[in-house]
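Right, one structure below, let's go through it.
Nothing in this text is a laboratory measurement; each read-out follows from the coordinates by a stated rule. Note that this is a predicted model, so its numbers are computed, not measured. In this analysis, Cβ positions are derived from the backbone assuming ideal geometry, glycine residues included, and neighbour counts consider all displayed protein chains.
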């Protein structure tokens, strides 16, 4: 065939009557080709067919008449650049595999997935409404689950706009995790850049992370609510608190945005702390129909039987505990008690007396700022003498300046005109709280500070740091190679770095930039022996390549200590974990350790205390306040322990309620079997993507815009201005082992840009090939449009001589390999006309495709019918309960009006009637939406044609 051609055809399943000028074809006469309606009179249409130079008249309702949206547009002949055509087909095959194949989660994320994470992802993405509470225990990877769901939905359903709302301290952690593990770029939006860029943030960026404290402000919430979001994720969702009488601003925002998004994920290890109301309102955000109206919920579940409640909750709440997930090594904790020297003991007692006096004074005068300073001093005292002296010196310098400042201010105040009250208030309110001390108190504190600083400087030998060094040397001799030391304070961190100068040390803290943090972790993993880490620095980091941890000082928070341990005692840790807790004898640190060990049992061998339980305990008990009351003599040791015991009992009671109501889902999933079973297919995905990108960049470098230069097996240098000096890999295991490598998978800008270019620019090309059989090959892309969208490629082989058409699984291998491999730039050949003999082949193929598509639609409909029926039943039940309550309310109001006859009673009745009407309208709208989503429409495009020459 001279000059191979191809058509761009776009057919939709929606039918309509033909009008003059429409293009069409007749299914019972394919040889006539494609015609044009030239007249439409009295229910009959006349069609002119160029292929047979004739006209035909048929009924406009004829079952054989098929109307085309437009005349097929001829496209270009690929000619010698057939390689591009095969690359375009490969691009779409890979994209569809990634979008709809269950294996994509395994091969396209830089993380070692757990069975429950994969199972949770499948449950959410295959649900009719992807709206769930992910309530796994802390440390089981709810962030990973949410990110997997996000990526799957982006590919499967075409979602684009994603909003993640987290507590402020977790903003950067989320951003880094999504970039590092999933190749997803997110913009952090806060007050600072919001005020600069205005509402452009919400419109210009597809992916945004912001804090719950920022977004609950109505000023900013109003702007974000103007945008339609596809996916919204709330981390630490238990902060969205609401009960029947009180609604927080954060919950109010969540309620509004929940109505403006398709997918809603609420992440929380503690969906409620004992009050069923809290759980009800979280569930209400996910789906108001599940538990129905509030009064029905109270009558049926709070006052009634809770058995059915479990079943309803389990439909949208996924929860696993560490004990069910398994895979955790043991943890062994040892308390290292230090005997203070005489001078150290004197310094400790003197400092504690100072803290006690100043804290009590601050509490009496309601000076919270000074109270906070004294708590910090007490914690510094248990951390290191060096750190405390540094803080005391700064405090002394501040007070000396304030001393002179206050003398001047007092003299000015004596001369101030008290009638100028407005300016006096402004003058006084401008003073720092710590300035508002009388001169006598200021002198006394300065004397105390001078004495403490002099006493501290007499300590020439720090027993605690000496013991730390001895312990590390001993462990090193036993074969341990990596050590992590946690401290709360940067000054202690610097002190320890100097003490341990004989070792290779890396410092890690919150002030480092994102790149510096990454370099520090790589340095510790590959070079140094010791990582000295602060609380902020270690948050969210996975350091399970080390198994020895030192708590050089202890936060007054069991949850924070558990989070420290969780950096190394987590899934993927191959060795038992050893924890060394340092505390000087007869100090507050020792008391804290006793509480953590004996009361809370934090250092249990297997997995320690449940993170939710620790969170519940901290909700019930303010440890800072409790310990400071003990330090300052306002509470005896016995009283402190009794208070802790009582609060733990209350917390445990609430925790037990959670356990009884939210039964952890048993994992019906064997990850090892799954990995082994799918190893070949996953390897194909990664290897195929690597081959595909390598072919494209090698043959068409100008179109690609980058090159890949192989440096080692599976490692490439990326030759691109944007990634100068960067290396990448297509292998997920290598990417997991080395964070510095670019992970070249779907989601990475270079991969997505390449696939997009080929699909957008090369769709619909045709090529000619040598063939003795004279068969033609057609590739169609079919999109099935309903709530659970799908897209599939269909391949056909036709014989123009016999008119036969058959579906094939894939194009013959020799056909795809028959291209010229020219490395020249692609030229833009001109469009050519549509030969009439090709029209007949196409129409015969359409007829077969139409039958196959209809059968496939029925298959999809049968597979998803149960989902839609359950959704309808849930909506109907909730609506009936709501209407029943409103109608009962109306009956009471009508009776009251009949009895009392007051006008306001009539107004109340009208409001209730309006409410009933609104509920009915909403129900009809919701039901119609579900039913429309159940109806499967389709559209198909001719993707490629292979014609014999």
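Could you tell me the center-to-center distance, by alpha carbons, between segment 24-61 and segment 338-373 in angstrom? Going from one Cα centre to the other spans 97 Å.
Legend: ranking of residues 98, 480, 509 from fewest to most surrounding C-beta atoms inside 10 Å; resulting order 480, 509, 98.
The simple Förster model, with R0 at 51 Å and r as the Cβ-Cβ distance, assigns residue 707 and residue 57 a FRET efficiency of 0.25. The calculated FRET efficiency for residue 585 paired with residue 123, based on their beta-carbon distance and R0 = 56 Å, is about 0.60. Ordered by the number of other Cβ atoms lying within 10 Å of each residue's own Cβ, fewest first, 447, 309 fall into the sequence 447, 309. In this structure, residue 904 and residue 883 have a Cβ-Cβ separation that, at R0 = 35 Å, corresponds to a calculated FRET efficiency of about 0.90.
Between residue 639 and residue 334, the modelled label-to-label distance comes to 3.8 nm, taking each label 7 Å out from Cα in the direction of the beta carbon. Computed extension length for residue 866-residue 255: 217.1 nm, one decimal, from 0.36 nm per residue of separation with the Cα-Cα distance subtracted. Distance from the alpha carbon centroid of segment 242-262 to that of segment 878-933 works out to 23 angstrom. For segment 114-319, the alpha-carbon coordinates run over 53, 39, 28 Å along the three principal axes, in decreasing order.
Computed extension gain for residue 740 through residue 575, at 0.36 nm per residue and net of the alpha carbon distance, reaches 56.9 nm. Along its three principal directions, the equivalent ellipsoid of segment 201-312 from the Cα gyration tensor extends over semi-axes of 28, 14, 12 Å, largest first.
Approximating the spin labels as points 7 Å out from Cα along Cα→Cβ, the residue 695-to-residue 922 distance works out to 5.4 nm.
Extension gain for the segment residue 894 to residue 39, taken as residue separation times 0.36 nm less the Cα-Cα distance, is 301.4 nm to one decimal. Ordered by the count of other Cβ atoms within 10 Å of each Cβ, fewest first, 250, 120, 40 give 40, 250, 120.
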